[in-house]
Every structure is written in C-alpha cells, then in structure tokens.
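Asks: Take this structure, written in structure tokens, and hold onto it; I'll ask about it next.
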Amino acid sequence: MNKSLFLLGLCAAGNVLAADEVKPFSMDGEFGYIATTGNTETTSIKAKLSAHQELTQWSNDFTVEALYKKDEISGVEQTTAQKYFLSGQGNYKLENPDHRLFGFASYEDDKFSSYDYQATLATGWSHKLWEDDTSKFNYSIGPGYSFAETNEGVEQNGFIVRAALDYQWKISDTANFKQLVSTEVGSDNTKSKSETSVSAQISGGLSLKVSLILDHNSDVADGIDNLDTQTAVTLVYSFF
C-alpha cells in the first residue's frame, strides 16, 4: 500500500467531515521531554495533538502522536524508540443524536515493532451511552480493513472487526480521568491499545498528565515482545 496515498486520503476525509458549520471545538497539545547526562545519557520526547469538533450532524475526533527516545549504549548513542501515529474518526448523528454511524482511519509507523507500517479503515455503529456533568461513555464497533507490512516486506492485508470504548470522568473541577480502549481483530493479527490517564489543572489551560499506554500485537517476529508499555508524565495545554 502507498503510504503517501493513505495519508492524503486521511487528510481529505478530515476535510470532508469538517465542511459543515463549526460548533464547539476543542484542541489539546501535549508535550514531555526528559534528558539525562553523566553516567547515563538519554533523550526522550513525547508529543501529542488531539482535537474534538462538535457539528450539527457530525462529531469528529483527530489525533497525532509522536514518540522518540535516544540512549547511549556501550558509549554509542542509539535511537531506541521512534513511533508516529495519526487517526481520525467522524460520527454521523442519526435522528437520535446519541445513535451514530462512524468512519475511522488510522496510520502507525513504529520503527521498533515487527511492522514497517500498520493502517486501518473501519466503519460501523457508534453510541453515546450517556453524558452528564461528571462523566461520559461512548463505544463504537464495526467491520473494517487493515493494511500492514512487516519488516521483512510481507504484506498482511485483510478484513478486521474494530471495537473501541471511551470513558471520561470529571473527578473535580481541576482533575479528570480518561480510559480509552480499542481492538482490531483480524485473521493475521489482533492489534489492541489501552490508554489510562489522570490529569490535574495547574493554571488556566495548562495541566499535568500522568498516563499509562499499553500496545499489544498478537503476531510479532521472534525476539520482539507482544506488549509495549509507555508510562509518561507530560504537560497538556488546552488551546480551545
């Protein structure tokens, strides 16, 4: 699969979803940086941009993430983590706005996984089970198609079933809890992701966030772990 064509398609899909009259819009930027020198030298950078758009007929979400880490091993600096991820989901509201049809697209490039790239297209049913002053819960499920290529150049394309859960809880006026879970079940590989986070407002639009991310692939090459974990403390700024 041509990576450039897929990325252009994802961007075009986002433009179509945003073509309606804009209603409430929110966007958060997240950044974390760690550098150590002396006996151990490391550099770690984590960045994320997420946006939510609520239109009359659409509810849209977009995410861009990047992770980079460099360590000194036996006196030689080596890159030990390099990962990029982007996704977009549009939810079309039916007569009952809590009942929706969704379209989803994602692309991931993880240099230290078994895959040169992994991409997903999916569509199906989305439901906002509830939303009140302190919490909200959404889920989506539907069929899709995955595109992947291993580091050995073997393509693993095929039909999948994608399911996702999104739970958010406002602990207080200044603290929030989020739990995001997704899985993509296919004949070649089952790809799952969980992100658990707690954030606390520091001042104005600036917050401190602690997160635990679990990435799991059922089919990996010999010598590569099925599960990747990422624990991070980052600063989050709410632009809107």
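Asks: Charges at C-beta only: +1 for Lys and Arg, -1 for Asp and Glu. How large is the resulting dipole of the chain about its Cα centre, in Debye rounded to 20?
Replies: So the magnitude is around 520 debye.
Asks: Tell me the chymotrypsin sites (Phe, Trp or Tyr not before Pro) within the stretch 92-196 that lie in a loop according to DSSP and have at most 15 other beta-carbon atoms within 10 Å.
Replies: For chymotrypsin sites (Phe, Trp or Tyr not before Pro) across the stretch 92-196 that sit outside H, G, I, E and B with at most 15 neighbouring Cβ atoms in 10 Å, the list reads PHE112.
Asks: Hey, if you drop one equal point scatterer on each alpha-carbon of the chain and run the Debye formula without solvent, what base-10 log of I(q)/I(0) do you get at q = 0.10, 0.13, 0.14, 0.17 Å⁻¹?
Replies: Each listed q maps to, in turn, -0.52, -0.89, -1.03, -1.46.
Asks: Sticking with this one: Which order do ASP225, ASP61, ASP188 fall in if you start with the one that has the fewest other Cβ atoms within 10 Å?
Replies: Ranked by crowding around the Cβ, least crowded first: ASP225, ASP188, ASP61.
Asks: Pairs LYS83/LYS191; LYS46/LYS136; LYS170/LYS191; LYS48/LYS69; LYS48/LYS193; LYS48/LYS191: which are spaced more than 24 Å apart, C-alpha to C-alpha?
Replies: LYS46/LYS136; LYS170/LYS191
Asks: If amide H atoms are built 1.01 Å from N in the plane of the peptide, which residues on other chains or at least 5 residues away come under 5 Å of the amide H of ASP188?
Replies: none
Asks: A further question follows. With θ set to phi - 60° and the Karplus curve 6.51 cos²θ - 1.76 cosθ + 1.60, what are the ³J(HN,Hα) couplings of the stretch 58-63 in order, to the nearest whole Hz, using x for Gly and Pro?
Replies: Calculated HN-Hα couplings, in order: 10, 10, 10, 9, 9, 9 Hz.
Asks: Within the chain, what is the longest stretch that has no GluC sites (Glu not before Pro) placed in a DSSP loop and near at most 12 other beta-carbon atoms within 10 Å?
Replies: 153-240
Asks: For ILE171, which sequence-distant residues (separation of 5 or more, or a different chain) have an amide H within less than 5 Å of its own amide H, given hydrogens modelled in the peptide plane?
Replies: Correct list: ASN176, PHE177.
Asks: Using θ = phi - 60° and the Karplus form 6.51 cos²θ - 1.76 cosθ + 1.60, what ³J(HN,Hα) does each residue of the stretch 66-74 get, whole Hz, x for Gly and Pro?
Replies: 8, 9, 9, 9, 10, 10, 9, 10, 6
Asks: Same structure again: Under 5 Å between amide H atoms, partner at least 5 residues away or on a different chain: which partners does ASP116 have, H built in plane at 1.01 Å?
Replies: GLU149, THR150, ASN151
Asks: Shifting gears a bit: In whole Hz and in residue order, list the ³J(HN,Hα) couplings for the stretch 116-122 that follow from phi through the Karplus curve 6.51 cos²θ - 1.76 cosθ + 1.60, θ = phi - 60°; x for Gly and Pro.
Replies: 5, 7, 9, 9, 9, 10, 8
Asks: Further, regarding this structure: Determine the relative contact order of the chain: mean sequence separation of Cα pairs under 8 Å and six or more apart, normalised by residue count, in whole percent.
Replies: It rounds to 13 percent for the chain.
Every number in this text was worked out from the coordinates using simple rules, so none of it is lab data. Computed from a predicted structure; not experimentally measured. Every residue, glycine as well, gets a Cβ built from its backbone with ideal geometry; the counts of neighbours run over all protein chains shown.
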